[in-house]
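What follows is a short report on a single structure.
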Number of protein chains: 6
Amino acid sequence: MATTEFDTSLPSIKQLQELIKQKTVVEWKLVNGDLLKGKICWQDHNCVCIVNEQNQQITIWKQAIAYFHSQ
Amino acid sequence: MATTEFDTSLPSIKQLQELIKQKTVVEWKLVNGDLLKGKICWQDHNCVCIVNEQNQQITIWKQAIAYFHSQ
Amino acid sequence: MATTEFDTSLPSIKQLQELIKQKTVVEWKLVNGDLLKGKICWQDHNCVCIVNEQNQQITIWKQAIAYFHSQ
Amino acid sequence: MATTEFDTSLPSIKQLQELIKQKTVVEWKLVNGDLLKGKICWQDHNCVCIVNEQNQQITIWKQAIAYFHSQ
Amino acid sequence: MATTEFDTSLPSIKQLQELIKQKTVVEWKLVNGDLLKGKICWQDHNCVCIVNEQNQQITIWKQAIAYFHSQ
Amino acid sequence: MATTEFDTSLPSIKQLQELIKQKTVVEWKLVNGDLLKGKICWQDHNCVCIVNEQNQQITIWKQAIAYFHSQ
């Protein structure tokens with residue numbers, strides 16, 4: 001996967017872009033069982049950056065995400 | 001794996017497309033032990049998006065799927 | 001790994017093709033500890049599809065397989 | 001992903017470069033549940049090298065990172 | 001990683017080839033904690049096939065191997 | 001990631017080469033929670049080979065490493 005290839009035509013990428021625009025609170029379940037919650041600041045090829053309810057910025061590696069859903 | 005390469009000739013991709021058409025309820029077992037259930041809305045190179053019985057949309061990363069089977 | 005590259009000259013791919021032909025019952029141990037058992041219907045670049053003793057079709061992601069052996 | 005491709009235009013890469021400059025203490029949660037804390041010395045395609053409070057240098061594989069946030 | 005690229009110049013590939021020649025019994029520790037033991041029949045890009053003390057052939061996915069050492 | 005690409009200009013690769021030269025004892029924490037200790041014999045694209053205090057050679061898959069630090 002070429003590092004810079006970030007295919008904005010993919011439904012999964014577009015879905016995250018939409019959630020960024022709508023400032024939706026999203027719940028993230030990770031492969032290690034952790035559960036995170038927050039609005040998405042940005043996404044790129046490797047990561048998603050969110051801000052949680054304590055206004056803390058958290059950068060999640062996409063490789064560690066099991067699934068997500070909006071609240 | 002080129003990001004945009006989504007090979008619809010693959011049996012595994014075709015199988016998911018078929019389940020989308022038939023609106024089949026599918027059970028997903030993830031690598032972290034989580035079990036999800038729902039009909040598939042769409043799939044792309046990275047993810048599968050399902051709707052569960054509570055009508056909640058959940059996007060699952062394909063990298064986190066161990067196996068699935070229809071109900 | 002180009003999505004469509006499915007190298008049937010690889011011993012591991014040929015071994016699965018052979019098990020399909022012989023309709024052998026195979027035990028699959030997954031990275032999350034799950035244990036599945038069944039005959040192989042098909043394999044592709046991403047997945048292996050099996051039918052278990054309850055005649056249920058289960059699609060396993062190859063990325064989630066730790067090891068397998070025939071019964 | 002070509003080994004030498006290290007795309008400094010990616011927000012996630014730039015974010016880490018910024019944290020290096022600011023000598024920020026960062027908390028790293030790994031996919032195996034481990035929690036590490038320290039300032040970042042350097043990052044490359046595969047790893048992030050930090051120095052913890054005991055002045056010990058620890059090299060973390062990016063593939064093992066679930067998420068991080070500054071303290 | 002091109003599917004058919006199997007670089008026999010790599011020390012790790014050569015080491016396994018050597019262990020095959022010497023019919024050495026090797027212990028394999030997997031990422032899910034499983035421990036397997038056996039002589040190596042063959043290796044390819046994706047897998048290593050071993051025969052254990054019960055003369056059972058087991059195919060291990062290289063992606064699931066944490067480490068190995070000869071007995 | 002081309003199999004044979006082993007980019008010795010990467011800080012993480014150079015760091016391991018340095019530890020090999022200095023015959024430093026390194027502690028390796030793996031994604032399955034295992035902890036290994038030993039001097040590094042060699043590294044390649046896929047693996048790191050160490051010798052532990054019992055003079056046993058252990059080959060670790062880089063994909064299974066969470067982090068390491070010298071003793």
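Here are some notes:
- Degrees separating the helix C:11-21 axis from the principal Cα axis of chain C, which is the longest one: 50 degrees
- Part-to-part distance (alpha-carbon centres) for segment F:19-71 and segment E:3-71, which is given in Å: 18 Å
- 11 Å beta-carbon shell around E:E53, net charge (K/R +1, D/E -1): +2
- FRET efficiency for the C:E53 to B:N52 pair, using the beta carbon distance and R₀ = 30 Å, is estimated at 0.60.
- Cα gyration tensor category, rounded, prolate or oblate, for the protein assembly as shown with a/c compared to 1.5: oblate
- For D:Y67, the residues 5 or more places off, or on other chains, whose built amide H falls under 5 Å of its own are A:W61, D:K29.
- Selection among D:I20, D:W61, D:L30 by position relative to the dipole of chain D gives D:I20 as farthest towards the positive end (Cβ unit charges, Cα centre).
- Cross-link pairs beyond the 20 Å C-alpha cut-off, checked among D:K23/F:K21; C:K14/E:K29; E:K29/F:K62; C:K62/E:K14: D:K23/F:K21; C:K14/E:K29; C:K62/E:K14
- Mean separation of Cα contacts under 8 Å (6+ apart) over length of chain F, as relative contact order %: 29 percent
A short reminder: the numbers here are calculations on the coordinates, not readings from a lab. Bear in mind the structure is a predicted one, so any value in this text is a computation, not a measurement. For neighbour counting, all protein chains shown are included, and Cβ atoms are generated from backbone atoms with ideal geometry for every residue, glycine included.
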